[in-house]
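A quick write-up on the structure given underneath.
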Amino acid sequence: MTIGVVVVGAGFWATQMHLPALARIPGVKITGVVATSRESAEKAAAPYGARAYTDLDEAVQDADVVDVVAPPDVHLPAVKTAARHGKHAICIKPLARSLAEADEMLAAVEVAGTRLFYAENVPFIPAVQEAKKAVDAGRIGEVFRVKACEGIGRPHSDWFFDPVRSGGGAMLDMAVHSLEFCRFFANAPITSVYADADTYVWGDRTSAEDTALLTVRFGNGVLGQCEDSWSLAGAMDSRFEVFGTEGRILIDNLHRQPLQVVGATGWSFPLPIPGLLADGHLDMLTHFTNCIRTGEPSVSEGRVGRDVLAVVDAATRSLASGRRENVHHQSEGQSS
């Protein structure tokens, strides 16, 4: 069974991660690339022999799956278009700009009888997978605290600075990664969050926060810390820690190579192996396409992305109230 995938978006993440990964998966055919300009679509589609589109309604005709790798203001309409045509959807993080939009997306696929996958790569990173095996084997005892740090000097595109398009700042862009790592190892839903955030570096470009600190409490008592920013001068940061009663695990995603070059955007390169492998994108998209073939549940269904947004929603309320806020209306049965 060949699965045809049309990719919505022709920016950095589409061209450097999703398209190269999809091209390596047996039985997957990239049927098209949709972008706002035909020139961008043609440039992204050409290496894969795919067609270029500026209209998703036209592009979905030859596809089975819509892979949304575009700014957050595109997520809801793209997923609803996919559902209307009876196509499955994969959607990059954050799932939506708000909890209300995420619920609308999930309702659309439920009515259509299609599936929505949340393209959060963190659980698929090879180092994270190995760490999970160690935790599940009891090598560090009982997990009681988890911590994640995700920082960059600035976003890679200007649209991030527009809250109307992006939906928010560093919490919605970066903390969603940290929250998913913490949930993956705490193995329980987040019940409450305290957030503190401000804008220190990019106040002339955005009204959204560029620096955020979140402390979360899980239903099983585990504590979590998330440090996320667009304000990290000089380099990127991507570190994860798991604390157990008998040991500790540290994952440093950016010191796996002997050479680090930091450009004007604060993004570190090169990596010793392509990011689509090192960062788990190939495994993630392979997993999604296998789930479509078999009908098996995914470890990252759309509701996982929805529940992360429920935490961001509580964090936003915490910023306003100055208090710890409960996370409301999380869906049941989160995958671990």
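The values are calculated or read from the model by the stated rules, or taken from the named source; none is laboratory data. Predicted model only: the values in this text are computed from it and were never measured. Virtual Cβ from ideal backbone geometry, glycine too; neighbours counted across all protein chains shown. Protein only, heavy atoms only, side chains kept; ligands, DNA and RNA dropped before computing areas. Shrake-Rupley method; radii C 1.70, N 1.55, O 1.52, S 1.80 Å.
If you go through the stretch 131-182 and pick out every residue that is more than 14 Å from Trp202 (Cβ to Cβ), part of a loop (DSSP other than H, G, I, E, B) and basic (Lys, Arg), you end up with 1. For the stretch 106-122, filtering for residues that are open to solvent by 10 Å² or more (accessible area, probe 1.4 Å) and either free of Cβ contacts under 8 Å to residues at least 12 places away in the same chain or under 18 Å from Gly224 (Cβ atoms) (or both) leaves 2.
Considered as a group, the residues in the stretch 34-52 that are under 16 Å from Pro77 (Cα atoms) and of a type outside the set (Gly, Ala, Ser) include one that is nearest to the chain's Cα centre (by Cα), and that residue is Val34. Hey, does the stretch 254-272 have a residue that's over 29 Å from Arg205 (Cα atoms), open to solvent by 80 Å² or more (accessible area, probe 1.4 Å) and at pLDDT 90 or above? Within the stretch 254-272 (the criterion being over 29 Å from Arg205 (Cα atoms), open to solvent by 80 Å² or more (accessible area, probe 1.4 Å) and at pLDDT 90 or above), the answer is no, since none of the residues qualifies. Here the stretch 33-48 is the region considered, the condition is being free of Cβ contacts under 8 Å to residues at least 12 places away in the same chain and not hydrophobic (A, V, I, L, M, F, W, C), and the residue that is nearest to Leu285 (Cα to Cα) is Glu42. Considered as a group, the residues in the stretch 184-215 that are in contact (Cβ under 8 Å) with a residue 40 or more places away in the chain, out of contact with any strand residue (DSSP E or B) (no Cβ under 6 Å at 6 or more places or on another chain) and closer than 22 Å to Arg323 by Cβ include one that is surrounded by the fewest Cβ atoms within 10 Å (Cβ to Cβ), and that residue is Pro189.
Figure legend. Inter-residue proximity from the stretch 153-176: first residues at pLDDT 95 or above and of a type in the set (Gly, Ala, Ser), second residues part of a helix (DSSP H, G or I) and crowded, with 23+ Cβ neighbours inside 10 Å, beta-carbon distance below 7 Å, spacing 6+ or different chains. Indicated pairs: Ser166/Pro72; Ser166/Phe160; Ser166/Leu172; Ser166/Asp173; Gly167/Pro72; Ala175/Val312. Filtering the stretch 216-248 to residues that are open to solvent by less than 10 Å² (accessible area, probe 1.4 Å), under 30 Å from Asp162 (Cβ atoms) and of a type in the set (A, V, I, L, M) leaves only Val216.
Do any strands (runs of 3 or more DSSP E) entirely within the stretch 4-81 hold 2 or more residues that are buried (at least 24 other Cβ atoms within 10 Å of the Cβ), and if so, which?
On the way: elements: 28-34, 51-53, 65-68.
Filter on the stretch 4-81 gives 28-34, 65-68.
Return yes or no: is Leu95 farther than 18 Å from Arg293 by Cα, outside any helix (DSSP H, G or I), open to solvent by less than 10 Å² (accessible area, probe 1.4 Å) and at pLDDT 95 or above? It is true that Leu95 is farther than 18 Å from Arg293 by Cα, outside any helix (DSSP H, G or I), open to solvent by less than 10 Å² (accessible area, probe 1.4 Å) and at pLDDT 95 or above.
Contact map, the stretch 299-315: residues that are at negative phi and in contact (Cβ under 8 Å) with a residue 12 or more places away in the chain paired with residues that are surrounded by fewer than 22 Cβ atoms within 10 Å (Cβ to Cβ) and charged (D, E, K, R), Cβ distance under 6 Å, separation 6+ or inter-chain. Pairs shown: Ala314/Glu325.
Checking the stated criteria, Lys147 turns out to be basic (Lys, Arg) and either out of contact with any helix residue (DSSP H, G or I) (no Cβ under 6 Å at 6 or more places or on another chain) or farther than 25 Å from Val242 by Cα (or both).
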